[in-house]
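Input: a single structure, listed below in structure tokens.
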Amino acid sequence: MKRDLDNLVLQMHDAGIAYADAVREFKKRYILEVLARHRGNQCKAAEELGMHRNTLSRTLVELDMDSTQIKKGLRRPPRPVRPERSPLQIVSGGRISGGR
């Protein structure tokens, strides 16, 4: 992992990315990853990050990260609508009647 980070830093430096921009982007991605692992739960994410929940909230604002959009993006997709079932078939004498 260290090698990957070293390569990323070299690429960013070669591309002329300013230190402040690099740190900002790192923070955004790191925080987003932790929030995703905790399904948008800021209290649990803040605990893992070693900060108070209010500090995380202020950091999200500073980084222009909309916590409601983050949470919406982490929600499960809606369940598909169940297909309609055919009417119940009556079983008599081991045979199914109706429908066929």
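Descriptive notes on the structure:
- Residue in region 9-18 that is under 15 Å from D64 (Cβ atoms) and either in a helix (DSSP H, G or I) or of a type in the set (F, W, Y) (or both) present: no
- Tabulated pairs, region 53-73, first modelled with pLDDT of 80 or more, second in a loop (DSSP other than H, G, I, E, B), C-beta under 9 angstrom, 6+ apart or interchain: T59/M51; T59/M65; L60/D66
- Residues that are of a type in the set (D, E) and surrounded by 12 or more Cβ atoms within 10 Å (Cβ to Cβ) within region 1-47 comprise E25, E47, listed in sequence order.
The values are calculated or read from the model by the stated rules, or taken from the named source; none is laboratory data. Remember, predicted model here, so these are calculated numbers, not experimental data. So basically every Cβ, Gly included, is an ideal-geometry build from the backbone, and we count neighbours across all protein chains shown.
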